[in-house]
Each structure stands twice: as C-alpha cells, then as structure tokens.
Amino acid sequence: MSSSLSSVYSPSGSADAAATGVAHGHGAAVGGVLKRCRELVRPSLVEAVGRLHPWTGEMAAYALGWSDAAGTPDPGGSEGKGVRQALAVLGAEAVGADGGVAVAGAVAVELVHTFSLLHDDIMDGDGLRRQRPAVWKAYGTGPAVLAGDALLALAVQCLAEAPGPWTGEAVRRLSGTLNTLVHGQAEDLRFERRPWSGAGAVDPGQYRSMAEGKTGSLLGCAIALGAVLGGAPAGTVAVLEQAGRHLGVAFQAVDDLLGIWGEPAVTGKPVHGDLRLRKKTYPVLAALAGGGPAARELAVLLEAPGLLDGAAAAHAAMLVEEAGGRAAAREEARRHLDAARRGLRGVSLARGAAEDLDALLACLLDRSW
C-alpha cells in the first residue's frame, strides 16, 4: 500500500471536483480556501495512510475517496470538502502562525473524522456514503470496524509525533475530544430507543446537546488544535474551540435538512432518506415539539412499525415542513453560526485567516453538500 499510495490518490480528480462543487454554489473564495488547505495537508495525509497495514490502508483509501473497492485509483471518488482540515490550518493562521504547523493536527482530525464515518455507517445501517457503497458494504462489517480502529490509532500517533513544544497539549485535547465524541454518539444511539411523543420523547434541546458532542466537538477540536500548535494563549484557544463547536451544531442542523430535502446526486443519499429510516433529526423533533395537527399526524406516522415507503416518507416530509420543522432547523443553524461569528470577533485574529473563517461560516447555511 505505502509504495503505491501516491498513484492511488489522484490530486487532479476528487479533490478539485470537491472544491469546484463548493465554489459553484457558495462562492469561489470558500472553494479556494478548502482547496488550498487540502493541498497543504494532502502529502502528510497520504504518508500517514501509507503506514497502515496494506488491507486496512486499502479500506482507508477507499473511505477517503482515493480508490475503488478493488484498490485501484478512482479519480471520480469524492474525498469530501475537507472542512476539518481547513479549520485546523486556519486556526494556526488565525493566531499568526504558518498554516504548516497545523498539518499534524489536520491529519489527525481528518483520520478521526473518517474513523467516525466508518463506524457510524455500521451503527446506523447506512449503506451509502458519498454516492457509493459504504466501507462496511464494500468490504464487510468486521473489516470496516478494523479499518476504523486503525484510523483512530493512527490519528493519535500522528499527532503525538508532531514536532514542537505544544504536542502534549494537542494530544490531550484530541483525547478529550474523542471521549466527548463517543458520548455524543452514545446519546444518538440511545435516542433510537426513545418514543416519538409523550414521556421520554427526545426534545430539540437534548438533540442539540448530542449534536455538540457528536459533531461540534471535532470541529471545535480542529480549530483549537491549529491554535494550540500555533502557540496561541489558552484564552484564545478556548474562544476558537467554542466557535468551532457552534459551527458543528449548525453543520449538523444543515446535515439534517439535507437528510430529508437534499439532492441525492449531491448528498449521495436517497431523497427523504432520514425519514425512511425514522431517524430522530432536528427538523423532525422541532416539528413534533411545535404541536398542532401536522405534528400529531406526523407522530402517528412515525410511530407505525416498519420503514416508511417513498410515498409515506414524502408525506412525512410535507408534515415536518407544515409543522415548522424545516424553518426551525434553518433558524437553529443560523443562530449557532451567528454565535460562532460573535466569538471569533471577540478575539484578536490575523486578518486574512479571520476573513477566510468568516467566509466559511457564511457559506454553510445554504450549502447543498
């Protein structure tokens, strides 16, 4: 794997396609920032994955969009937008350091993110990821679990080997984030067993807390790692991390919108996919919490046994919107993006990086990816 990984990864394929997708819908500036940060991190990420066992390395390359399930280069594969990588790099640049000092942190958070996707897809039963079979579907459940474990171990190792005086603090921060991430995932899984209405039902506030742990913690960690490795004082690091957590909650709210109303060709998931699986997401929970006839009809529909077919899922989506869930999720995202902006403006940051961060925040509410 390590000897052929550079040929498996196609720098002119999936990475540029991802940047183009962001630029087309959300502004060339953001697409350029994401592309620049990915290209800075890419060599170290490729080198890190090349250290894995050939089999787990092959699965990692597939998960990252570099190759197909046969281990051959896949220029059409999607590696994602690299938001977490960019946050790490921008975190360092925002405190006046060169973005290169954050590369180890960016590699670590990208590996952790990929690990979490591998395991999440298994736990959620999601068979598709980025418009092709999830790793567990392509390789099997056991191998996918093993590949996720390998990526997690590699993430900690890569960060622990980073040069400089701040490595210990960076590793401690990542370790704490991993515990928070698992806590959030545990809550998400427990939500599946709770009723849709009545005593014990999940409310939007509980979902928000889960999202901050499951999604917000890693985005907050990404920008904080950049700042830590850039030598920032503790107060500045704390503000940046909290801004990243707000960004993560907003990111999850928009993800939930896309899980119901997203374009399958862009999201890689079927239309109304989250409703078909009866996932407890923010738009649905907000709709149920609002009360009214549409909310009551929605609760009855969701409490019926079995998966929802296409017609039932489409009707459920209409009820969620009618009950105000779609608007509530957009407002949730907007509120947390505004909180992230306020936090970033409350500390002294390097102008260029601050502008890049603000542009990234501005594009997320209306993203389609």
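Any read-out appearing in this document is the output of simple, stated calculations on the displayed coordinates, not a laboratory observation. It should be emphasised that the depicted structure is a prediction, and the values quoted were computed from it without experimental measurement. Neighbour counts are summed over all protein chains in view; Cβ atoms, including those assigned to glycine, are modelled from backbone coordinates with ideal geometry.
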- [ ] Amide H neighbours of Ser67 under 5 Å, at least 5 residues apart or on other chains, H built in the peptide plane: list them.
- [x] Tyr62, Asp74
Task: Paired Rg and Dmax values of region 267-369, which use every Cα atom, in angstrom - done: 17.6, 54
Open item on the list: Can you tell me what percent of all Cα-Cα pairs in region 160-276 are more than 20 Å apart?
Closed with: 53 percent
- [ ] Pairs of Cα atoms under 8 Å, at least six residues apart: use those to get the relative contact order of region 84-150, whole percent.
- [x] 25 percent
- [ ] Take the Cβ-Cβ distance between Glu321 and Ala265 as r, set R0 to 22 Å, and report the resulting FRET efficiency rounded to the nearest 0.05.
- [x] 0.55
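Apply 1/(1 + (r/R0)^6) to the Cβ-Cβ distance of Arg342 and Val182, taking R0 = 35 Å, and write down the FRET efficiency to the nearest 0.05.
Here the calculated transfer efficiency is 0.75.
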Open item on the list: Of the candidates Ser78, Ser67, Ser44, which one comes out as most mobile in a Gaussian network treatment of the chain with C-alpha springs shorter than 10 Å?
Closed with: Ser44
TODO: Mind jotting down the distance between the C-alpha centroids of region 120-167 and region 284-356, whole Å?
DONE: 28 Å
TODO: From the P(r) of region 222-324, can you give the percent of Cα pairs sitting at distances over 24 Å?
DONE: 39 percent
Task: Of the DSSP H helices in the chain, those whose Cα atoms cover at least 27 Å axially and whose Kyte score averages 1.0 or more - done: 141-160
- [ ] Report the full-extension gain for the segment Arg335 to Val156: residue separation times 0.36 nm, less the Cα-Cα distance, to one decimal in nm.
- [x] 61.1 nm
Task: Only Lys, Arg (+1) and Asp, Glu (-1) charged, at Cβ; the chain dipole about Cα centre in debye - done: 360 debye
Open item on the list: Projecting each Cα onto the charge dipole of the chain (Lys/Arg +1, Asp/Glu -1 at the beta carbon, about the Cα centre), which of Val202, Val171, Gln252 comes out farthest on the positive side?
Closed with: Val202
Open item on the list: Please arrange Glu169, Glu110 by how many other C-beta atoms lie within 10 Å of their C-beta, fewest to most.
Closed with: Glu169, Glu110
Open item on the list: Using Cα-Cα distances under 8 Å and only pairs 6 or more residues apart, what relative contact order does region 5-364 have, in percent?
Closed with: 17 percent
Task: If the convex hull is drawn through the Cα atoms of the chain, its volume per residue in Å³ - done: 122 Å³
TODO: Counting helices only, and only those DSSP H runs with n ≥ 4, report the 222 nm mean residue ellipticity of the chain as the sum of -39,500 (n - 2.57) divided by its residues, in deg cm²/dmol to the nearest 500.
DONE: -22500 deg cm²/dmol
